[in-house]
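Asks: Here you go, one structure.
No value in this document is a laboratory result; all are computed from the given coordinates. None of these values were measured; they are calculated from a predicted model. For neighbour counting, all protein chains shown are included, and Cβ atoms are generated from backbone atoms with ideal geometry for every residue, glycine included.
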Amino acid sequence: MIKTQKRILVITAVAAERDAIMRGVRGDDRFEVIAAGVGTAVAAAQTAKVLTAGNYGLVISAGIGGGFAGRAAIGTVVVADEIVAADLGAETPEGFISLDELGFGSARIKIDRELAAKVTDKLSAAGITSRFGTVLTVSTATGTSETAERLAARVPEAAAEAMEGYGVAVAARLYGVPVLEIRAISNPVGPRDRAAWRIGEALESLQAASSILPEVL
Ligand SMILES: O=C(O)c1cccc(C(=O)CC[C@H]2O[C@@H](n3cnc4c(=O)[nH]cnc43)[C@H](O)[C@@H]2O)c1
């Protein structure tokens, strides 16, 4: 397999996610892994700052995430086929209007299917339970069944949610660099029960998922 000579930028939210990924890629110096902070603004700004300074062939938004019921169970890995900024739009008495419907661009970023398939195929071969799915980017982590149901109705193909992917993807698109999003599921999307988040299990899955990246990219 021909490997990319360009560097690979991985953007996480927090240091624990960054460290799990660094353990996974085992010192492969093509990977630069940065804990940028929580949310799209800081994720986009940090991504753009790094891309301005370097020669990168791929950007990955990675970390833990919430899984939609019946779509992505705790400990499994979701590789995005599309990233959707699910709350970017306008609220009206009749319901939510997306950025696309408003005519202000798109809240959806498609992922290169071939590239994402290489990752999921390798994850499966390594015995890591994973799936393709749409990953939502939200500004507020879902904390009620009502919001979970509203988001699932708004984006029926949603498998997971997190808080940075769209920001990372917008910055990468600006620089013409392909993007992936990889989420290890730590909690269900639904009523907030922070004590029930399986962060350790998700970080182990994130490390395991990262360990296949040097071979596949
Ligand atoms: O407290 C810890 O030890 C710890 C270790 C690793 C990560 C965290 C986080 O809180 C990460 C926040 C990050 O996680 C994403 N996330 C996870 N679950 C959800 C969710 O249900 N809805 C939205 N986002 C979620 C998100 O990308 C946050 O930035 C703590």
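Asks: Take Asp87, Asp121 and order them by how many other Cβ atoms sit within 10 Å, fewest up front.
Replies: Asp121, Asp87
Asks: Counting other Cβ atoms within 10 Å, keep those with at most 16, restrict to DSSP loop, and tell me which trypsin sites (Lys or Arg not before Pro) in the stretch 4-106 are left.
Replies: Lys6, Arg26
Asks: Among the GluC sites (Glu not before Pro) in the stretch 64-134, which ones are in a DSSP loop with at most 10 other Cβ atoms within 10 Å of the Cβ? Mind listing them?
Replies: Those satisfying the criteria are Glu94.
Asks: Considering the Cα positions of the stretch 91-210, please state its Rg to one decimal place and its Dmax as a whole number of Å.
Replies: 15.8, 48
Asks: Starting from one equal scatterer on each C-alpha and no solvent at all, send me the Debye-based log10 I(q)/I(0) for the chain at q = 0.08, 0.12, 0.16, 0.18 Å⁻¹, two decimals.
Replies: At q = 0.08, 0.12, 0.16, 0.18 Å⁻¹ the computed log10 ratios are -0.25, -0.56, -1.02, -1.31.
Asks: Please compute, for the alpha-carbon atoms of the stretch 69-113, the extent along each of the three principal axes and give them in descending order in Å.
Replies: Largest to smallest, the principal-axis extents are 37, 26, 11 Å.
Asks: Over the stretch 1-153, what is the mean sequence separation of C-alpha contacts under 8 Å (at least six apart), divided by residue count, expressed as relative contact order in percent?
Replies: Across the stretch 1-153, relative contact order equals 23 percent.
Asks: Moving on to the next point. Farthest toward the dipole's positive end in the chain, which of Ser106, Pro93, Ala35, given Cβ charges of +1 (Lys, Arg) and -1 (Asp, Glu) about the Cα centre?
Replies: My answer, from the dipole projection, is Ala35.
Asks: Mind sorting Tyr175, Tyr56, Tyr166 by how few other Cβ atoms lie within 10 Å of their own Cβ, fewest first?
Replies: If I rank by nearby Cβ atoms, fewest first, I get Tyr175, Tyr56, Tyr166.
Asks: By counting other Cβ atoms within 10 Å of each Cβ, how are Ser124, Ser205 ranked from fewest to most?
Replies: Going from least to most buried by this count: Ser124, Ser205.
Asks: Related question: Would you mind telling me which residue in Gly65, Gly39, Gly165 has the biggest mean-square fluctuation in a Gaussian network model of the chain, where springs connect alpha carbons within a distance under 10 angstrom?
Replies: Comparing Gly65, Gly39, Gly165 in a Gaussian network model of the chain, the most mobile one is Gly39.
Asks: Let me ask another. Are there chymotrypsin sites (Phe, Trp or Tyr not before Pro) in the stretch 68-140 that DSSP marks as loop and that have at most 14 other Cβ atoms within 10 Å, and which are they?
Replies: Phe104
Asks: Hey, what D do you get for the stretch 51-155 in µm²/s if you plug the Kirkwood alpha-carbon radius into Stokes-Einstein at 10 °C and 1.306 mPa s?
Replies: The estimated diffusion coefficient comes to 101 µm²/s.
Asks: Here is a further query. Picking from Thr40, Thr120, Thr142, which is most flexible by a Gaussian network model of the chain using Cα springs under 10 Å?
Replies: Checking each option, the largest mean-square fluctuation is seen for Thr142.
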